[in-house]
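J.: Quick one: this structure, given as C-alpha cells, is what I'll be asking you about.
The values are calculated or read from the model by the stated rules, or taken from the named source; none is laboratory data. It should be emphasised that the depicted structure is a prediction, and the values quoted were computed from it without experimental measurement. For neighbour counting, all protein chains shown are included, and Cβ atoms are generated from backbone atoms with ideal geometry for every residue, glycine included. Please note that ligands, DNA and RNA were not included when accessible areas were found on the heavy atoms of the full protein model with its side chains. Shrake-Rupley method; radii C 1.70, N 1.55, O 1.52, S 1.80 Å.
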Amino acid sequence: MSVHLLQTATSVLLKDPTASLSDVARAAGVGRTTLHKRFPTRADLVRAVANDALDLIESVSCEVDFAADDAIEDLMTRLVALGPRVEFLLRFPGLERDDELRTRIEEMDRPVLDLITRLQGTKLRRDLPAWWILHTLYAGLFNAWEAINYGRLAPLDAPRFVLTTVFEGVANAGATDRT
C-alpha cells in the first residue's frame, strides 16, 4: 500500500499542488483516517513523496557508471523511466524551503555536476557553467515527462530528445542569420 499511496499522492499533488489529504485519500481508495495515521499532516505526506523520489534517484544513480563515456546517456534514460515520481521534485512548490530535502537534492546533483564538468570540452560546451547545463538537463526531463503525459512523446524516445537538445541545441545548423 505504501508504494501505491506515494504514487497516487504524487499524481494528485502534481495535478493540484493544493490538494488536501482527503483528496489524496479518496484518489488512493483509502480512508482519511488511514492516511492520517501514516501521514499526520499534509507537509508530512509531501516530504514523504519527495524523499521517496530522492530514494529512487539515488538507487538509479548507484547503477550508473559515472566514469563511462555514455554515463550521461545512461543517467537520462534511467531518470526518464522514473517519470512523475521525480518530476515532483522539479515541479512541486516549496520543497527548496525544507533544509533536509534541499541538502539531499544538492547531494544528488553533485555526481551529475562532476560528470558534466568532466564532459565539458568534449561532449558538452566549456563556455557554460556546469550548473546551467544541469538545469537545462532537468528542464529537458521535465518537458519530456510532460510530453509523455500528454501522449506527445513515447517514453523510449524521450532520452534521445533531451540529449539531442542539450548536445546540439535547437538551432538550424545551416542557418546563417542568427536573429
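J.: Could you go through segment 132-146 and let me know if any residue there is modelled with pLDDT of 90 or more, open to solvent by 20 Å² or more (accessible area, probe 1.4 Å), over 14 Å from LEU75 (Cα atoms) and aliphatic (A, V, I, L, M).
T.: Scanning segment 132-146, I find at least one residue that is modelled with pLDDT of 90 or more, open to solvent by 20 Å² or more (accessible area, probe 1.4 Å), over 14 Å from LEU75 (Cα atoms) and aliphatic (A, V, I, L, M), so the answer is yes.
J.: May I pose another question? Being basic (Lys, Arg), open to solvent by 20 Å² or more (accessible area, probe 1.4 Å) and either in contact with a helix residue (DSSP H, G or I) (Cβ under 7 Å, 6 or more places away or on another chain) or part of a strand (DSSP E or B) (or both) narrows it down to one of ARG104, ARG118, so name that one.
T.: On the way: ARG118 fails: either in contact with a helix residue (DSSP H, G or I) (Cβ under 7 Å, 6 or more places away or on another chain) or part of a strand (DSSP E or B) (or both).
Answer to the check: ARG104.
J.: I'd like the residue in segment 1-17 that is aliphatic (A, V, I, L, M) and open to solvent by less than 50 Å² (accessible area, probe 1.4 Å) and, out of all such residues, is nearest to LEU56 (Cα to Cα).
T.: Taking segment 1-17 as the starting set, the residues that turn out to be aliphatic (A, V, I, L, M) are 1, 3, 5-6, 9, 12-14.
Applying the additional criterion that residues be open to solvent by less than 50 Å² (accessible area, probe 1.4 Å) yields 5-6, 9, 12-14.
Details: LEU5: 15, LEU6: 12, ALA9: 16, VAL12: 19, LEU13: 18, LEU14: 17 Å.
Result: LEU6.
J.: Out of the residues in segment 151-165 meeting the condition of being touching a helix residue (DSSP H, G or I) at 6+ places or on another chain (Cβ under 8 Å) and not hydroxyl-bearing (Ser, Thr, Tyr), tell me which one is most open to solvent (accessible area, probe 1.4 Å).
T.: So the first thing to find is which residues in segment 151-165 are touching a helix residue (DSSP H, G or I) at 6+ places or on another chain (Cβ under 8 Å), and the list is 153-155, 158-159, 161-163, 165.
Filter once more, keeping what is not hydroxyl-bearing (Ser, Thr, Tyr): 153-155, 158-159, 161-163.
On the way: LEU153: 21, ALA154: 49, PRO155: 77, ALA158: 0, PRO159: 13, PHE161: 101, VAL162: 6, LEU163: 15 Å².
Top of the filtered list is PHE161.
J.: Provide a single number: the residues in segment 48-94 that are within 21 Å of ILE133 (Cα to Cα), small (Gly, Ala, Ser) and open to solvent by 30 Å² or more (accessible area, probe 1.4 Å).
T.: Here the count works out to 2.
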